[in-house]
Amino acid sequence: MAEKYYITTPIYYPSGNWHIGHCYTTVICDALARFHKLKGEEVFFLTGTDEHGQKVEKEAKKRGVTPMQFVDPLVSGLKDVWRLLDIRYDRFIRTTDEDHVRCVQKIYEKLYESGDIYKSEYTGHYCTPCEAFWTESQLKDGKCPDCGREVTLQREESYFFRLSKYAPRILKLYEDDPEFLQPKSRVNEMVNNFLKAGLTDLCVSRTTVKWGVPLPFDEKHCSYVWIDALANYISALGYLSDDDALMRKFWPADLHMVGKEIVRFHAIVWPALLMALGLPLPKRVYGHGWLLIGGDKLSKSKQDAVKEELTDPYELVKRYGQDAIRYFLLREIPFGSDGEYTNERLLGRINADLANDLGNLVSRTQAMIEQNFDGKIPPRGEKEGPDEELISLAEGLFERVNADMDALNAPDALADIFAVVDRANKYIDETAPWILAKDPAKKARLGAVLYNLAETVRMCAIVLQPFLPHAAGEILASFSAEGSFGALRFGILQEGTPVVRLKPLFPRIDVKKELAEVAKLVSERRAASEKASHPEPQKAAEITIDDFSKIELRIGEVIACERVEKSDKLLHETVRVGDEVRSVVSGIAQYYTPEEMVGKRVVLVANLKPVKLRGVLSEGMILCAEDENGLSVISPEKLISSGAKVR
Ligand code: MSP
């Protein structure tokens, strides 16, 4: 029976700005998944998106759309990136998928029944306008880190997971199974930073967030995002569903590949949850390093740094092709450590390794076969001089690459493949086929040299498939060669097989010119995005004071307020304006609750012709100001009596 290999990436938070740093984990996993598939294993490669939580809820509200309307296009954007990079996942899971939601509910239920989840009270610093709890250390100068306003110490009924109970078992796991968490440095981080001090139970429900999975035993609570997110690794396999065939087949996972900042969730919370569920633990969690720009993690919040370099995967793939981007990510960053990203480094790698070393080897070999053997594979001939060394290097390649991939070390695997490519280029210099070609008596030797080169190229292309799927596929097709690992034996190419001469796989890039073009593009994009975030206010036509005096502005006091039925956007206010009471409808329900509006003094356009909105009479308009952060009702700074004229 074929061996099984279950590999996962973390599921991604929806972003409107996917960058090359996001691609790192997934490209590594894709290369590993492809490698194991080529080994004949039955592979399940899972990736997806982590869509619930307060942040999405707030962003959607700010834009006046539902959370689902907000996340849908972002998720499509991520799928586009994976398509461009030819990521071949077996399932793309979304935490909003119905089967996932059901599974999360069943997990909560099971843990609640077994007593690993219990009800208690959460104490935290609460920011009322943001509806968010913050811990002491999250506060900024004692205030809400999001809006800078005062917070109050509040208690909230919450459910907790007995994480503390599992601390000794997790410590023992690290001791008993050194493979579980890698690289080794991450074990020390977990032990020293978290486990040594003991673990506290984890608050796993929120009543203040609505965009999440409702707890089945208490629907006013929503699941904590990290439990929801981690569960994807088993919900995707049908855990606790009617069809759990995949779960039985693929669990436990062979590898959870994650960035180092989320190791603690995967190496502490996740094994504890699995222990509580009575499930076997994943075989390996690997915490890789980051792509840095100017020494900082490449992330969308580091806008200033990001703006100096082109980091947009769509544009990068368009300019240099999917293989070049995959190659850079897989080769440049020492595995397990951080690595600096610059456009110059990327171009350097493309030119040196792909255009020069690999590209030249392929094109020189194919050109010489075309010129001297009518584009057909020459006879193998006798071994001479440096042949043996080249052949044995090529024959041992799979074993070395396999060991590197077992250690998850893609940079080393590529270094091993390119060592053979380099050796083959050196072999060309040593055997000087262009000189052999001048002497008809050396035709057999020329044939043997070109045969050895073609075989070396073919074998390199087979092992390159997981890393450079497009280029490797082209090379193999040009020799009519198959790509299976079973064909990794020297001497498979048959004499007379036609060879198609390929166009350059990686055209050389003029670095100076390209960097100048990229700098121009980046600065144009920066200017455009700055303009979009600070649009110039539209200048209205000039008016006279007489025109202005036609508008009657008065101070009103909101004495009652309710939502307009069947509308997400409208509030119905009852406003006292002097002796009069007016009915007013305003589109501010996404920014203010009815309770917040009552008691407010507002500026009312009092002589606006009355209209009916959703069947409710509106006799005036409340003035508001709006920017990209939200909307604010305009109120007088001092207490001014209702009915007062605004001039
Ligand atoms: N949603 C959580 C994961 C939940 S898994 C149960 C999350 N999402 S994320 O979108 O922030 O990150 C997804 C992956 O992208 C992580 O592995 C993260 O480390 C990776 N990267 C994001 N920026 C990165 C770099 N600059 N460099 C390398 N990888 C980085 O965390």
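The values are calculated or read from the model by the stated rules, or taken from the named source; none is laboratory data. Owing to the predicted nature of the structure, the values given are computational and were not obtained by experimental measurement. Every residue, glycine among them, receives a Cβ derived from its backbone with ideal geometry; neighbour counts consider all protein chains shown. Remember, those area values only see protein heavy atoms, side chains included, never the ligands or the DNA or RNA. Shrake-Rupley method; radii C 1.70, N 1.55, O 1.52, S 1.80 Å.
Out of the residues in the range 259-280 that are touching a Leu at 6+ places or on another chain (Cβ under 6 Å) and over 15 Å from Asp228 (Cα atoms), which is farthest from the ligand (Cβ to nearest atom)?
That would be Ala276.
Checking Glu565 against (1) within 46 Å of the chain's Cα centre (by Cα); (2) in contact (Cβ under 8 Å) with a residue 40 or more places away in the chain; (3) crowded, with 18+ Cβ neighbours inside 10 Å, which single condition isn't satisfied?
(3)
So which of Gly16, Gly77, Gly40 ends up being within 14 Å of the ligand (Cβ to nearest atom), surrounded by fewer than 18 Cβ atoms within 10 Å (Cβ to Cβ) and part of a loop (DSSP other than H, G, I, E, B)?
The conditions single out Gly16.
Looking only at the range 443-490, count every residue that is open to solvent by 10 Å² or more (accessible area, probe 1.4 Å) and either touching a residue at least 60 places away in the same chain (Cβ under 8 Å) or over 25 Å from Gln322 (Cα atoms) (or both) and tell me the total.
Selection size over the range 443-490: 13.
Just one of Ile107, Ile170, Ile117 is open to solvent by less than 30 Å² (accessible area, probe 1.4 Å), β-branched (Val, Ile, Thr) and farther than 30 Å from Glu42 by Cα; which is it?
Result of the check over Ile107, Ile170, Ile117: Ile117.
If Pro378 passes every condition in (1) more than 16 Å from the ligand (Cβ to nearest atom); (2) of a type outside the set (Val, Ile, Thr); (3) within 23 Å of Ile417 (Cα to Cα) but one, which one does it miss?
Against the list (1) more than 16 Å from the ligand (Cβ to nearest atom); (2) of a type outside the set (Val, Ile, Thr); (3) within 23 Å of Ile417 (Cα to Cα), Pro378 comes up short only on (3).
Can you go through Asp72, Asp30 and tell me which one is within 24 Å of Ile234 (Cα to Cα), at pLDDT 95 or above, more than 11 Å from the ligand (Cβ to nearest atom) and out of contact with any Lys or Arg (no Cβ under 9 Å at 6 or more places or on another chain)?
Selected residue: Asp72, the only one of Asp72, Asp30 that is within 24 Å of Ile234 (Cα to Cα), at pLDDT 95 or above, more than 11 Å from the ligand (Cβ to nearest atom) and out of contact with any Lys or Arg (no Cβ under 9 Å at 6 or more places or on another chain).
So Phe92 passes all but one of these: (1) more than 30 Å from Gly486 (Cβ to Cβ); (2) open to solvent by 10 Å² or more (accessible area, probe 1.4 Å); (3) away from the ligand (no atom under 12 Å from the Cβ); (4) in a helix (DSSP H, G or I). Which condition number does it fail?
(4)
Please specify each residue of the range 152-161 satisfying the condition of being of a type outside the set (Ser, Thr, Tyr) and buried (at least 18 other Cβ atoms within 10 Å of the Cβ).
The answer is Phe160, Phe161.
Spot the failing condition for Lys55; the list is (1) charged (D, E, K, R); (2) within 11 Å of the ligand (Cβ to nearest atom); (3) buried (at least 18 other Cβ atoms within 10 Å of the Cβ), and only one is missed.
Here Lys55 meets the rest and fails (3).
Of all residues in the range 26-48, count the ones that are more than 8 Å from the chain's Cα centre (by Cα) and either of a type in the set (Val, Ile, Thr) or in the same structural domain as Val401 (by TED's automatic domain parsing) (or both).
So the answer is 4.
Among the listed residues Gly212, Gly238, Gly259, which satisfies the condition of being crowded, with 22+ Cβ neighbours inside 10 Å, modelled with pLDDT of 95 or more and under 24 Å from the mean Cα position of the chain (by Cα)?
Gly212
So in the range 299-319, with the set limited to residues that are at pLDDT 85 or above and touching a helix residue (DSSP H, G or I) at 6+ places or on another chain (Cβ under 6 Å), which one is farthest from the ligand (Cβ to nearest atom)?
Val317
Report yes if Val581 is assigned by TED's automatic domain parsing to the domain that holds Glu557, over 12 Å from Arg554 (Cα atoms) and surrounded by fewer than 16 Cβ atoms within 10 Å (Cβ to Cβ), otherwise no.
Here the answer is yes, as Val581 does meet what is asked.
For Pro379, only one of the following conditions fails: (1) open to solvent by 10 Å² or more (accessible area, probe 1.4 Å); (2) assigned by TED's automatic domain parsing to the domain that holds Lys443; (3) closer than 29 Å to Leu292 by Cβ; (4) touching a Phe, Trp or Tyr at 6+ places or on another chain (Cβ under 8 Å). What is its number?
Unmet condition: (3).
Limited to the range 599-647, what total is found for residues that are more than 49 Å from the chain's Cα centre (by Cα), without any contact (Cβ under 8 Å) to a residue 40 or more places away in the chain and loosely packed, with under 10 Cβ neighbours inside 10 Å?
Summing the residues that are more than 49 Å from the chain's Cα centre (by Cα), without any contact (Cβ under 8 Å) to a residue 40 or more places away in the chain and loosely packed, with under 10 Cβ neighbours inside 10 Å in the range 599-647 gives 2.
Just to be sure I understand the filter: pairs with C-beta atoms under 8 Å, separated by 6 or more residues or on different chains, first member in the range 93-112 and of a type in the set (A, V, I, L, M), second member surrounded by fewer than 20 Cβ atoms within 10 Å (Cβ to Cβ) and in a helix (DSSP H, G or I). Which pairs pass?
Taking only residues 6 or more apart or on different chains, the pairs are Ile107/Leu277; Leu111/Leu277.
Of a type in the set (D, E, K, R) and not in a helix (DSSP H, G or I), is that true of Lys62?
Considered against the rule, which asks whether it is of a type in the set (D, E, K, R) and not in a helix (DSSP H, G or I), Lys62 comes out as no.
Only one of these conditions is not met by Leu292: (1) part of a strand (DSSP E or B); (2) surrounded by 23 or more Cβ atoms within 10 Å (Cβ to Cβ). Which number is it?
(2)
Take the residues in the range 1-13 that are in contact (Cβ under 8 Å) with a residue 24 or more places away in the chain and more than 7 Å from the ligand (Cβ to nearest atom), then tell me which one is farthest from Leu414 (Cα to Cα).
So the residue we want is Ala2.
Anything in the range 199-248 that is without any contact (Cβ under 8 Å) to a residue 12 or more places away in the chain and part of a strand (DSSP E or B)? List them, or say none.
Selection gives Glu219 alone.
Can you confirm whether the range 528-550 contains a residue that is in a strand (DSSP E or B) and surrounded by 13 or more Cβ atoms within 10 Å (Cβ to Cβ)?
No: the range 528-550 contains no residue that is in a strand (DSSP E or B) and surrounded by 13 or more Cβ atoms within 10 Å (Cβ to Cβ).
Out of everything in the range 430-442 that is touching a residue at least 40 places away in the same chain (Cβ under 8 Å) and more than 12 Å from Pro386 (Cα to Cα), what residue ends up being least open to solvent (accessible area, probe 1.4 Å)?
Across the range 430-442, the extreme among qualifying residues is Pro433.
So for the range 223-234 (the condition being more than 15 Å from the ligand (Cβ to nearest atom) and within 16 Å of the chain's Cα centre (by Cα)), does at least one residue qualify?
no
Being outside the structural domain of Ala407 (by TED's automatic domain parsing), in contact with a helix residue (DSSP H, G or I) (Cβ under 8 Å, 6 or more places away or on another chain) and not charged (D, E, K, R) narrows it down to one residue among Leu237, Leu246; which is it?
Answer to the check: Leu237.
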